[in-house]
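Structure first, commentary second.
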Amino acid sequence: MAVKNTAQVIIGGKIITLGGYESEEYFQKVASYMNNKIAELSEVPGYTRQPMETKHTLLSLNITDDYFKAKKQAEIFEQDLQQKDQEMYDLKHELIALRMQIEEAQKKEQEASEQKSLLEGKVNELEKELEDLLK
């Protein structure tokens with residue numbers, strides 16, 4: 001069973017205790033992300049003059065926007081991965097079919113070579129018989 005962890009982080013200049021089943025490193029990473037978003041929004045003209053509730057709403061909207069963009073990118077990657085998996089599957093089957101064709105061609109080549117040897121032997125016999133008849 002997972003152990004519940006807590007960690008103190010600084011978000012927006014305030015110390016906050018976060019708790020959950022993630023590592024302290026993860027909590028610090030989340031806090032860092034939040035602080036970066038706050039800093040990013042603070043650079044937008046007029047943001048600092050907004051009421052705290054509006055700032056929180058804008059922060060939430062920005063994080064939600066990042067989430068949906070990341071989710072869409074993950075879906076695109078998943079589709080791309082599935083497409084590449086299908087292409088790889090198709091290529092493997094094509095490779096197997098080509099190997100089978102090569103084996104069949106090699107088998108026919110071997111049979112043709114054996115038949116050629118037999119026919120060459122037959123020709124030699126016939127040439128010998130012809131020589132004997134001509135003597």
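The values are calculated or read from the model by the stated rules, or taken from the named source; none is laboratory data. These numbers were taken from a predicted model, which means no experiment stands behind them. Glycine gets a Cβ as well: all are built from the backbone with ideal geometry, and neighbour counts include every protein chain shown. The accessibility values were calculated without ligands, DNA or RNA, using every heavy atom of the protein model including side chains. Shrake-Rupley method; radii C 1.70, N 1.55, O 1.52, S 1.80 Å.
What percent does the relative contact order of the chain come to when contacts are Cα pairs within less than 8 Å and at least six residues apart? Averaging sequence separation for qualifying contacts and normalising by length gives 11 percent for the chain. Share of carbon and sulfur in the accessible area of the chain stands at 56%, probe radius 1.4 Å. Relative to the longest principal axis of the Cα atoms of the chain, the long axis of helix 24-42 lies at roughly 70 degrees. Among residues other than Val123 whose Cβ falls under 12 Å from its Cβ, what is the net charge (Lys/Arg +1, Asp/Glu -1)? The answer is -1.
Residue ranking by accessible heavy-atom surface, 1.4 Å probe, largest first, among Val9, Val44 comes out as Val44, Val9.
Which angle from 0 to 90°, rounded to the nearest 10, does the C-alpha axis of helix 52-134 make with the longest principal axis of the chain? With rounding to tens, the tilt is 10 degrees.
Under the combined filter of DSSP loop state and at most 16 neighbouring Cβ atoms within 10 Å, region 1-44 retains these chymotrypsin sites (Phe, Trp or Tyr not before Pro): Tyr21. Kindly flag which residue pairs out of Lys29/Lys71; Lys71/Lys92; Lys29/Lys55; Lys84/Lys108; Lys4/Lys69 have an alpha-carbon separation exceeding 24 Å in this structure. From the list (Lys29/Lys71; Lys71/Lys92; Lys29/Lys55; Lys84/Lys108; Lys4/Lys69), the Cα-Cα distance tops 24 Å for Lys71/Lys92; Lys84/Lys108; Lys4/Lys69. Probing with 1.4 Å while keeping every protein chain in the model, the per residue accessible area of region 1-127 equals 86 Å². The orientation-averaged shadow of the Cα convex hull for region 73-135, equal to a quarter of the hull surface, comes to 4.8 nm².
Where in region 1-61 are there GluC sites (Glu not before Pro) that are in a DSSP coil and have at most 12 other Cβ atoms within 10 angstrom of their Cβ? Sites meeting the loop and neighbour criteria: Glu43.
For the chain, the Kirkwood radius over C-alpha pairs fed into Stokes-Einstein at 37 °C and 0.692 mPa s yields D = 143 µm² per second.
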